[in-house]
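Worksheet for the structure shown next.
Taken together, the values in this text are just the output of simple stated rules run on the coordinates, not laboratory data. It should be emphasised that the depicted structure is a prediction, and the values quoted were computed from it without experimental measurement. FYI the Cβ positions are ideal-geometry reconstructions off the backbone, even for glycines, and counts take in every protein chain you see.
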Amino acid sequence: MGGNTGRRIALLGTINRDTIRTPDGIETESYGGILYSLLPLSAIVKDSAQIFPVVNVGEDMRDVVKGYLEPCSNISFDAVSFVPDKNTHCFMVYDEQGNKQETLLGGVPKLTFEQLSPYLDADALIVNFITGTELELETLQHVRSESSAPIFMDIHSLTLGIDDQNRRFWRVPPRWEEWVACTDVIQMNEQEAALLAGSGLDTEAKTTDFANRILDNGSTVVLVTRNKNGADAIYRRDGQTILHHSPPQPAGVPQDETGCGDVFLMGFMSRYLDEQDPVTASLSANKLAGINVTLRGIEGVRKFGEALENGSPN
């Protein structure tokens with residue numbers, strides 16, 4: 001597909017089948033995972049990059065995945081592996097208080113170094129943990145040692161364990177600092193950051209102290225997304241740690257927050273590759289997330305390009 005001669009961007013993750021049950025007993029079938037990154041990224045980079053999803057997909061999802069991605073001329077299927085295993089299926093049940101119980105069934109094999117090796121010279125490698133089991137730590141460490149490409153990571157579901165009934169639960173990921181040490185830019189939401197920090201990051205000082213641990217560990221930029229309160233980008237310049245807060249920038253009436261973190265990282269990555277400036281990249285990313293929040297569900301996100309044309313960030 002494509003024929004694009006611009007940047008090469010590899011995105012690692014999982015494409016999920018989702019079943020969502022709300023308190024009224026209604027079940028909705030949908031699809032998600034890195035579709036929430038791929039579809040907006042395709043519109044964001046347009047003709048300037050070719051995107052390679054590095055993903056194992058169950059054969060039962062072949063037609064679905066092709067239906068979503070084939071219309072995007074800058075998304076290549078070269079790294080998509082259709083496997084005989086049942087695709088990952090996430091069941092989300094919400095109670096009257098808005099609490100969510102997530103159960104994960106099925107599952108495809110973990111990505112191998114051999115699958116990733118063709119993209120070691122990409123302009124960016126992005127790891128978005130949808131299941132938290134996409135690859136082994138040693139595989140990512142091998143990639144890091146062999147590649148000079150910047151690695152962007154959304155820690156996301158690495159913070160979720162799976163019990164003996166396949167239910168997800170919050171936990172501090174084993175060896176999380178080793179995972180993060182593989183990254184140039186690491187993103188997490190404020191709940192995930194608080195989990196890793198061992199306390200709430202409700203002040204600039206607490207956020208900076210936690211980010212300094214990660215910057216000392218080898219990363220260049222720490223991103224903490226704060227939902228309707230915007231996002232923080234923490235980085236160092238001339239030996240000083242700087243925290244830049246970018247406020248939210250909704251492009252219209254909020255409809256659905258799903259995928260806003262995914263879009264934030266895609267927007268940040270795209271602008272950061274251009275300018276190496278965390279401030280302008282964070283501001284641009286917040287504008288793009290503000291567009292995403294006006295779109296409902298994955299079907300709405302399919303129209304991200306149209307929405308972007310109507311509210312494109314500078």
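Each of 142, 245 was scored by other Cβ atoms within 10 Å of its Cβ. Arranged with the fewest first, they read 245, 142. Separation of the stretch 273-312 and the stretch 1-75, taken as the distance between their Cα centroids, equals 16 angstrom.
In a reduced charge model with +1 at each Lys and Arg Cβ and -1 at each Asp and Glu Cβ, the stretch 124-258 shows a dipole moment near 220 debye about its Cα centre. Exposure proxy ranking for 42, 148, based on other Cβ atoms within 10 angstrom of each Cβ and starting from the fewest, stands as 148, 42. Per-residue Karplus couplings for the stretch 173-183, computed as 6.51 cos²θ - 1.76 cosθ + 1.60 with θ equal to phi - 60°, are listed in order as x, x, 6, 4, 5, 6, 4, 5, 4, 7, 9 Hz, Gly and Pro entered as x. Bridges between two residues of the stretch 7-308, per DSSP, are antiparallel at a rate of about 45%.
Near the amide H of residue 50, within less than 5 Å, lie the amide hydrogens of 6, 7, 8, 9, all on another chain or at least 5 residues away, with H placed in the peptide plane. Cross-link reach is defined here as a Cα-Cα straight distance under 30 Å, omitting same-chain residues fewer than 8 places apart; for residue 86 the lysines meeting it are 66, 100, 110, 303. Ordering 52, 77, 152 from the fewest to the most neighbouring beta carbons within 10 Å gives 77, 52, 152.
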